[in-house]
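In what follows, a single structure is set out as structure tokens and then discussed.
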Amino acid sequence: MHSLSQKRCFNHAEREAAARCLECGQFFCRECASEHDGRILCSACLTKKGHKREKSAPFTLSKQAVIVLKGISGILLAWFLFWLFGLLVLAITE
């Protein structure tokens, strides 16, 4: 039996195989094989199973963006409070 390093990718004959699909048994390069639910599958078998690729990480803000948003929120809150204070002063002086 040949070792994995002597096998070639089923889709790309010029590339060395990096994994074997657990469904179809063919050998694939790193680009053609993917991990899904802890198993190595080729894209064809993954499509047959109806699974979608892993979802990307949810959108998160960087620390700098959070600091900027907090600063803007603080300025807007201060402006609103001064505006309310101005209305109160006008109501008292009338």
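The values are calculated or read from the model by the stated rules, or taken from the named source; none is laboratory data. Here the structure is a predicted model, which is why all the values come from computation and not from measurement. Glycine gets a Cβ as well: all are built from the backbone with ideal geometry, and neighbour counts include every protein chain shown. Accessible surface areas use protein heavy atoms only, side chains included; no ligands, DNA or RNA. Shrake-Rupley method; radii C 1.70, N 1.55, O 1.52, S 1.80 Å.
Structural remarks
- Considered as an equivalent ellipsoid built on the Cα gyration tensor, the stretch 9-94 has semi-axes of 63, 13, 8 Å, the largest given first.
- Seen against the Cα atoms of the chain and their longest principal axis, helix 63-93 is set at about 20 degrees.
- Straight Cα distances below 14 angstrom link LYS7 to the aspartates and glutamates GLU16, with same-chain residues fewer than 8 positions distant left out.
- Set the Cα radius of gyration of the stretch 54-94 against 2.2 N^0.38 Å, with N its number of residues, and you get 2.06.
- Alpha-carbon gyration tensor eigenvalues x 5, square-rooted, for the stretch 1-50, Å: 19, 11, 9
- Of ALA13, ALA33, ALA78, the residue with the greatest mean-square motion in the GNM of the chain, using alpha carbon springs below 10 Å, is ALA78.
- Exposure check, 1.4 Å probe, all protein chains in place: SER73 carries approximately 70 Å² of accessible surface.
- Other residues whose C-beta falls under 14 angstrom from the C-beta of HIS12 contribute a net charge of +1, scoring Lys and Arg +1 and Asp and Glu -1.
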